[in-house]
């Protein structure tokens, strides 16, 4: 690894593991993860409506993952008896990008993902584990050597990113999904507005959108700007993530309320409006999501296990990039937890703070 601080031993990095874990824990990706759960819940609740599934399949974007024979042969082999599921989830904000979701994932050069997460669903379907992956983590990208994790997307699209993640954890990724921020505007409209308890009053930068402290109902562009805004806060991204979490908790609660789940018209409207902002691999269709949604119907969406993969500290690459060093200890332990479906035990030993 051509980085500064290469003299730092594995032992010393392991000793700092807990400290770096606390420093690097971020909530980036909460937005992405909860929307996926919302969609699953909507489809699961409305599984009896064939038209709902048809609408979802016809409006979502589909991504074909094409591996070369060499790439396919190098992928980890999953035990046929392993009923767990791993989903690579990507989030993008196309505020300044006219490309479609599918195009952004189609292996084109100069694409990127604004957030990356690995979602692990255990065989017993009693919980959902959502692990954010640090975009600047310095990893081995097959065929390209050491680089930032996010560089895999620009170098070879989603197939290469999947191959990189699989190589990092020696664990197969079963599916891939992507969600665009724009979908939140449509979700808020379909729900008839989302009422949040706003922590800090602010006016969105370069707009006249004022968000007072306390309860405020958000819909359309005001909802989208609420989850995007960062320039109005001293701590920027951190407060933005808090606002995203506030919005999503409120949206999920409204989504899972009896008023929504027992209203086929509203469910159809939600799927109709949000689906165009979703992209799934060709094997991850409505029928698969419906089955998964039904299996996960007893999971409390307010108690999802969400955490950021620990790193071993910041450094600088030989070519001057600011990077995050991968923690060998974290990689080894998470790899074992994924392979043996023991993520609960891993988090019991290293509980998120």
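List of remarks:
- Relative counts (whole %) of C-alpha pair distances in region 149-222, using bins that are 5 Å wide: 3, 13, 14, 15, 11, 6, 10, 16, 11, 1
- Applying 1/(1 + (r/R0)^6) with R0 = 35 Å to the Cβ-Cβ distance of residue 64 and residue 321 gives a FRET efficiency near 0.65.
- Pairwise label distance in nanometres, residue 197 with residue 124, each label 7 Å out on the Cα-Cβ vector: 3.2
- Cα principal axis extents for region 190-255, largest first, Å: 31, 22, 18
- Residue order, fewest to most surrounding Cβ atoms within 10 angstrom, among 328, 229, 215: 215, 328, 229
- Residue exposure sequence - 116, 89 - by fewest surrounding Cβ within 10 Å: 89, 116
- Each part gets one Cα centre, and for region 337-353 versus region 159-223 those centres are 27 Å apart.
- Remark: 226, 210 ranked as 210, 226, counting other beta-carbon atoms within 10 Å and listing the fewest first.
- Legend: calculated FRET efficiency, residue 305 to residue 208, from the Cβ-Cβ distance at R0 = 35 Å, rounded to 0.05, equals 0.30.
Read-outs throughout are calculated quantities, based only on the coordinates presented, and are distinct from any laboratory measurement. Please read these numbers as outputs of a predicted model, since none were measured by experiment. Positions of Cβ are generated from backbone atoms using ideal geometry, with glycine treated the same way; all protein chains shown enter the neighbour counts.
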